[in-house]
1. Go through (1) assigned to a helix (DSSP H, G or I); (2) under 21 Å from residue 223 (Cβ atoms); (3) in contact with a strand residue (DSSP E or B) (Cβ under 9 Å, 6 or more places away or on another chain); (4) free of Cβ contacts under 8 Å to residues at least 60 places away in the same chain and name the single condition residue 183 misses.
2. Looking at residue 37, is it surrounded by 14 or more Cβ atoms within 10 Å (Cβ to Cβ), modelled with pLDDT under 90 and not assigned by TED's automatic domain parsing to the domain that holds residue 133?
3. Determine which single condition residue 193 fails, assuming it passes every other condition in (1) modelled with pLDDT of 95 or more; (2) assigned to a loop (DSSP other than H, G, I, E, B); (3) touching a strand residue (DSSP E or B) at 6+ places or on another chain (Cβ under 8 Å).
4. So which residues in region 208-227 are closer than 17 Å to residue 168 by Cα, at pLDDT below 95 and surrounded by fewer than 16 Cβ atoms within 10 Å (Cβ to Cβ)?
5. If you check 105, 84, which single one turns out to be surrounded by 11 or more Cβ atoms within 10 Å (Cβ to Cβ), within 32 Å of the chain's Cα centre (by Cα) and either modelled with pLDDT under 95 or not assigned by TED's automatic domain parsing to the domain that holds residue 136 (or both)?
6. Out of region 196-213, which residues are without any contact (Cβ under 8 Å) to a residue 40 or more places away in the chain and not in a helix (DSSP H, G or I)?
7. Tell me whether region 148-156 contains one or more residues that are within 18 Å of residue 231 (Cβ to Cβ) and in the same structural domain as residue 231 (by TED's automatic domain parsing).
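The values are calculated or read from the model by the stated rules, or taken from the named source; none is laboratory data. Quantities reported herein were computed from a predicted structural model and do not represent experimental measurements. Note that we place each Cβ from the backbone using ideal geometry, even for glycine, and neighbour counts take in every protein chain shown.
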């Protein structure tokens, strides 16, 4: 290829922001000549490479912006210790519930792997291109209180609405003040039938007035969450963490 032609092509690809094609077109041109590919086949191979590279970068960004405390996988979870269908959990990783703005609620005994599965599902959704955000109940409340004090609560709700799924982990482990519970209710109401929420908690719904400090508000929050939802109950005699500790001691 003539130097002037290459320089012009390189400049055009840079302006079009096609870095993968820019780095690959020469090598793939040689392959196309050897394999006697048509112009269309050559162009398609370049386009596919560009699309794949962009998606990989997007997934890397999504996993980082999700702010998972630690990446978990479904393969690392022992389904034999809980009465939860593995198939139903795998179904969640397909992300169909996001299109319908359905919620997911995991509740049950501490140490039964609710956080593990929520994180693993969130990771799988990121790998499929969905935008996910992980919060503990405490960290979400802190964000809401800060925004309220700074008079930017509406802006925060808009920012959170950009996420296909917000995971609220360990809701109910740390008690809230009434004003904090009211902010959480506002957040739930804002996403109602618009975007999905994924909650893990150790509390049954009958105990949620301890979160909101008001039975009426608790009932209203539960009503919005369960209207379109999938609910999973985790129950086991001992926690995964305790079992792992005993195994380490035996070793």
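1. Against the list (1) assigned to a helix (DSSP H, G or I); (2) under 21 Å from residue 223 (Cβ atoms); (3) in contact with a strand residue (DSSP E or B) (Cβ under 9 Å, 6 or more places away or on another chain); (4) free of Cβ contacts under 8 Å to residues at least 60 places away in the same chain, residue 183 comes up short only on (3).
2. no
3. Of the numbered conditions (1) modelled with pLDDT of 95 or more; (2) assigned to a loop (DSSP other than H, G, I, E, B); (3) touching a strand residue (DSSP E or B) at 6+ places or on another chain (Cβ under 8 Å), the odd one out for residue 193 is (3).
4. Scanning region 208-227 gives a single hit, 210.
5. 84
6. 208, 213
7. Within region 148-156 (the criterion being within 18 Å of residue 231 (Cβ to Cβ) and in the same structural domain as residue 231 (by TED's automatic domain parsing)), the answer is no, since none of the residues qualifies.
Yes/no matrix, rows are residues, columns are (1) outside any helix (DSSP H, G or I); (2) touching a strand residue (DSSP E or B) at 6+ places or on another chain (Cβ under 6 Å); (3) free of Cβ contacts under 8 Å to residues at least 12 places away in the same chain; (4) farther than 27 Å from residue 160 by Cα:
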| site | (1), (2), (3), (4) |
| --- | --- |
| 11 | no, no, yes, yes |
| 43 | no, no, yes, yes |
| 70 | yes, no, no, no |
| 87 | no, no, yes, yes |
| 115 | no, yes, no, no |
